[in-house]
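Read the structure below first, then the notes.
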Amino acid sequence: MPQHLTRGIGAGLAAMAAQWLSLALWDHALDFQVIWLSGPLLLALLLCSPYKYWMAYGVGWILGMLSLSLLMGLPAKGIATINLAVALLITLAAWTLSHLRREQATGNFLQLLLFLVVAVVALPIATGVVISAMSSLVELPSWLSREWWHVGLADSLGYVLLTPAILSLLNPGSSLRRDTLPGWNMPLITVAALVLLWLAWRELGGIATIRPLLLLAPVPLALFVALRAQVVGACVVNLVVGLMAIELSLSHQGPFVQPESEFTTISVQLWMLAVSIASLYLAALVEQRRTTQRDLMVTSTEVRELAGRLIVAQEEERARIARDLHDDINQRLAVASIRLSALRRKVDDCNKQDVSQLQSDLIALSEDVRHLSHDLHPSMLTQTGLTAALAGMCQNLRRRGGPSIELLVSPHAKDLPEDVALCLYRVTQEGLGNALRHADAQRIEVALQMAHHQVQLTITDNGKGFVTEGEGRRGLGLMSIDERTKLLGGSCRLQSTLGKGTELCIRIPLEALGPA
C-alpha cells in the first residue's frame, strides 16, 4: 500500500508540472493550446508499470490535474469530468499497446508503428472527439471548447515527443542504458547548434528566399543526436526545437509566421509532428543497429569462451589418451615383444625368421605409438621446457625424412608461462604439419623471439603457397591457431603467395600474463 500511495503522489505532482508547462506554451492571442504533455506522461507511466499500479497512477494523475485547475481558477466540475474521461481513454490505449507489443521499448519498427497508430493517431482523435462532445454538456475553458482536431493535434504532439523518451529511458534493455553514455562534447555541440538555430530563425526567419532552408536546418542536428543518444536524445532535441519554434512564432518571429496567426500555430504543430516522427524512425534504426551489434558481441564472447573451454577439454583429453597409450598400450606391446623373443628361442629354425620379423614389426608399432603419445601430449614440454620440446619436435620431423628445419629460440623462452608455452608448441606443431602436408616445403624456419613485453613466433617455408583471401577458405588447423592465440590476447597473421611460400606469425602479449 505505501508503494501505491507513493506512486500516486508522484504521478500527481508530475502531472501538475507537465500541465503547467503545457499551459505556459499556450497561445494567449488565439486562446490556443499548442502542446499537451500531462496525458503523454500518464501513458508512459502506465506502459512502464505492472497492472497493479495503474489505479494508483490514474487516481494520482486525476487529482494532480484537478488540483492545478483549482489553483488556476478553472471550472472544477468540467475539468474533473474531462480528466476522468481522458484518463479512461489513456488507460484503454495503454492496455491495447501492452497487449499488442512484446516489450515497452519503441526501438523496433513494428512496435513504433503500433505506438504511432494507437497513441499518436487513434488516442488524440478519440480525446478530441470526446472533449468536443462534452463541451456542450459541462463548462470548460475556451481552449478546450475548440474544434476536436485542434485538441487532437496538441495531444498528438505531446505523445510523439514525450512518451517515447520516457519509455526508452525507463526500459532496462534500451541501448542508451546499456552502452556508454555520450561524452561531454555531445551535449556541448548540441547546445551550440541549438543556439545557432535560434539566432538563425530569429534573425533570418523573415527572409522568404531562405525560409525552406531554415526549416531544414534542424535535420543535421536531429541526425547527430539520434546517432549518439537514440530515442531519448531525439525526443529531447525535438522538444527543445519545437519549444523554440513555438516561442518565436508566438512573438511573430521565425520561418513559421503566416499571414494569419492561427495558421502559424498549426504550421508549427504539423512541422514538429513530421520532424518528430521522422526522427523517431531514424532513432529506432540506430537502436536496432546498436542492439544487433551488442548481441553479436555477446555471441562472439560466448563463442570465444566456448572455444577456450573446448581447447582446454581437448588438451585434457589428449593428455588422458597419451597416458593410456604410454602406460597401457605401449606397455602391453613391450610385453608382447618380450614374449615373442622368448617364443623365438623355442620354435624351429625355419620359423625363427617369421617370429623375428613379427617382433620387429611390433617394436616399430610400439615406436609409432610412443611418437603418437608424444604428439598428443608433449611430456617434454613440462619436464625440460619449451626450447627442448621444440628442438625435439624438429629433430623427429627431420628423422622421418622431412625437410630442412632451422630453429631459433630466444634464451628467455624457458621463463614463459605454461599456457603460453603450450600455445606456442601447438602452433608450431600445426604450422610444421601444414608445411609438410600441403606446402611440399624443402626448407622451414622457426623463430621464437621475445621483446617489448611480447613473444613472437614466426614459421616460414619455401613451399608452393596458397591463396589466403576469404576467411571461409581457412581450414580447421588455421582456425585453431587463431583461436588459441586470441584466447591469450594475441594476434595471428598469415601471408602466403603462390609459388613463393608461406609465413605464419603470432604475437602474444606478456604484460597481463606476468613477466617473462
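The values are calculated or read from the model by the stated rules, or taken from the named source; none is laboratory data. Remember, it's a predicted structure, so these values are computed and weren't measured experimentally. Glycine also receives a Cβ, built like all others from the backbone with ideal geometry; neighbour counts cover every protein chain displayed. Side chains included, ligands, DNA and RNA excluded: accessible areas come from the protein's heavy atoms. Shrake-Rupley method; radii C 1.70, N 1.55, O 1.52, S 1.80 Å.
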* Cβ pairs under 9 Å, 6+ apart, first in the range 380-407 and at positive phi, second surrounded by 13 or more Cβ atoms within 10 Å (Cβ to Cβ) and of a type outside the set (Val, Ile, Thr) -> GLY385/ALA413; GLY385/LYS414; GLY385/LEU416; GLY385/ALA421
* Asked: Being acidic (Asp, Glu) and within 16 Å of ARG426 (Cβ to Cβ), is that true of even one residue in the range 373-388?
  -> yes
* Mind telling me which of the residues ALA364, ALA389 ends up being part of a helix (DSSP H, G or I) and within 44 Å of the chain's Cα centre (by Cα)? => ALA389
* Restricting attention to the range 250-265, and to residues there that are surrounded by 19 or more Cβ atoms within 10 Å (Cβ to Cβ) and assigned to a helix (DSSP H, G or I), which single residue is modelled with the lowest pLDDT? -> LEU250
* **Candidates SER379, SER366 - the one that is open to solvent by less than 30 Å² (accessible area, probe 1.4 Å) and under 26 Å from GLU316 (Cβ atoms)** => SER366
* **Residue count, the range 293-303 (criterion: without any contact (Cβ under 8 Å) to a residue 24 or more places away in the chain and surrounded by 11 or more Cβ atoms within 10 Å (Cβ to Cβ))** => 2
* Structure fact -> Expected single match for at pLDDT below 95 and not in a helix (DSSP H, G or I) among SER22, SER49 is SER49
* To do: For the range 467-516, name all the residues that are at pLDDT 85 or above, open to solvent by 40 Å² or more (accessible area, probe 1.4 Å) and more than 22 Å from GLY308 (Cα to Cα).
  => GLN495, GLU503
* Residues that are without any contact (Cβ under 8 Å) to a residue 40 or more places away in the chain, surrounded by fewer than 16 Cβ atoms within 10 Å (Cβ to Cβ) and either in contact with a Phe, Trp or Tyr (Cβ under 8 Å, 6 or more places away or on another chain) or not in a helix (DSSP H, G or I) (or both), drawn from the range 194-227 -> ILE207
* To do: With the checklist (1) in a helix (DSSP H, G or I); (2) within 41 Å of the chain's Cα centre (by Cα) in hand, flag the one item GLN449 doesn't pass.
  => (1)
* To do: Sort out which residues of the range 243-264 are among the β-branched types (Val, Ile, Thr) and within 18 Å of ILE207 (Cα to Cα), and write them in order of number.
  => VAL257, THR264
* Please enumerate the residues belonging to the range 330-346 that are out of contact with any helix residue (DSSP H, G or I) (no Cβ under 7 Å at 6 or more places or on another chain) and either assigned to a helix (DSSP H, G or I) or modelled with pLDDT of 80 or more (or both). => GLN331, ARG332, VAL335, ILE338, ARG339, ALA342
* For the range 54-82, which residues satisfy the criterion of being surrounded by 14 or more Cβ atoms within 10 Å (Cβ to Cβ), within 42 Å of the chain's Cα centre (by Cα) and within 24 Å of ALA122 (Cα to Cα)? -> TRP54, TYR57, GLY58, VAL59, TRP61, ILE62, MET65
* Asked: Taking THR91, is it in contact (Cβ under 8 Å) with a residue 24 or more places away in the chain, of a type in the set (S, T, N, Q) and farther than 17 Å from SER156 by Cα?
  -> no
* Asked: Can you spot a residue in the range 150-167 that is modelled with pLDDT under 85, surrounded by 14 or more Cβ atoms within 10 Å (Cβ to Cβ), farther than 20 Å from TYR281 by Cα and touching a strand residue (DSSP E or B) at 6+ places or on another chain (Cβ under 9 Å)?
  -> yes
* Flag if GLU316 is among the acidic types (Asp, Glu), open to solvent by 90 Å² or more (accessible area, probe 1.4 Å) and either assigned to a helix (DSSP H, G or I) or out of contact with any Lys or Arg (no Cβ under 9 Å at 6 or more places or on another chain) (or both) -> yes
* To do: Say whether the condition of being within 29 Å of LEU432 (Cα to Cα), open to solvent by 90 Å² or more (accessible area, probe 1.4 Å) and of a type outside the set (Ser, Thr, Tyr) is met by at least one residue in the range 340-354.
  => no
